[in-house]
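Structure first, commentary second.
Every number here is computed from the coordinates shown, using simple stated rules; none is lab data. As the structure is a prediction and not an experimental result, all values here were calculated from the model. With ideal geometry, Cβ positions are generated from the backbone for all residues, glycine too; neighbour counts draw on all protein chains shown.
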Amino acid sequence: MRRAAVVSLMVLGACAPVTRAPPSAELYARFALVSQPVTAAGQLTLGGRAMQCGAAKTVMDRALRDYGAAIGDFIVLNPDRLAGAPPDAQLWVYAHECGHLNGRTDEAAADCFGVRKGRDEGWLDAGGLDTVCAFVTKVAPDHLHAPGADRCAAMRRCFASSAR
Ligand SMILES: [Zn+2]
């Protein structure tokens, strides 16, 4: 659940000149090892629900080493990893990556954006937030992501405050 421009450049590096500009969704899907065709904005169904992040397209990539990533102006999801997560957590992963595309560069801000998007769009209630908390608590912390209990506490504060 981090921005994965490095991964995409590694994938594309053998086939195209490495540039600073991120690839398009179509280019990523073409060169990624195990991806599906690009899903247009507004066409994504996740956890039984239509999901949208502005004009962002989505690429399903089974080789992605995380649940999701935000690259350039599109979102990459690993359908195999998501399949092991509850629907509320699947939606939240997408919303978290949407936060990255909306200028929330750090992980805590993207977490916050994700739960508020869910609250404001009506797909995340208090029970769903418990599910998301249980999900992030299982994710190992790293240099970008705080321990799950801390992420959960911060997300509960975001969910309860009125701002977006
Ligand atoms: Zn992230």
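Summary table below
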| quantity | calculated |
| --- | --- |
| Rounded D (µm²/s) - segment 75-149, Kirkwood Rh over Cα pairs, Stokes-Einstein at 20 °C, 1.002 mPa s | 173 µm²/s |
| Signed unit charges on C-beta, dipole axis of segment 2-160, positive-most listed residue ALA146, GLY72, VAL93 | GLY72 |
| Computed FRET value (nearest 0.05) for ARG65 with ARG157, which takes r as the C-beta separation and R₀ as 25 Å | 0.25 |
| Neighbour-count ranking [beta-carbon atoms within 10 angstrom, fewest first] of PHE31, PHE159 | PHE31, PHE159 |
| Theoretical FRET efficiency, 1/(1+(r/R0)^6), r = Cβ-Cβ of GLN36 and HIS143, R0 30 Å, to 0.05 | 0.50 |
| Order of ARG119, ARG65, ARG156 - criterion: other Cβ atoms within 10 Å of each residue's Cβ, fewest first | ARG65, ARG156, ARG119 |
| DSSP-defined antiparallel bridges as percent of all bridges, segment 2-160, nearest 5 | 65 percent |
| Choice from GLY118, GLY148, GLY84 showing the highest fluctuation, given a GNM over the chain with Cα pairs closer than 10 Å | GLY84 |
| Net dipole in debye of the chain [+1 Lys, Arg Cβ; -1 Asp, Glu Cβ; about Cα centre; nearest 20] | 140 debye |
| Helix-only CD estimate at 222 nm, as mean residue ellipticity for the chain, using -39500 (n - 2.57) per DSSP H run (n ≥ 4) | -14000 deg cm²/dmol |
| Neighbour-count ranking [beta-carbon atoms within 10 angstrom, fewest first] of VAL136, VAL76, VAL38 | VAL38, VAL136, VAL76 |
| Paired Rg and Dmax values of segment 2-160, which use every Cα atom, in angstrom | 15.1, 47 |
| Estimated inter-spin distance, ARG49 and ALA21, nm [label 7 Å along Cα→Cβ] | 3.6 nm |
| Listed residues PRO22, PRO141, PRO79, most fluctuating in the chain (Gaussian network, C-alpha, under 10 Å) | PRO141 |
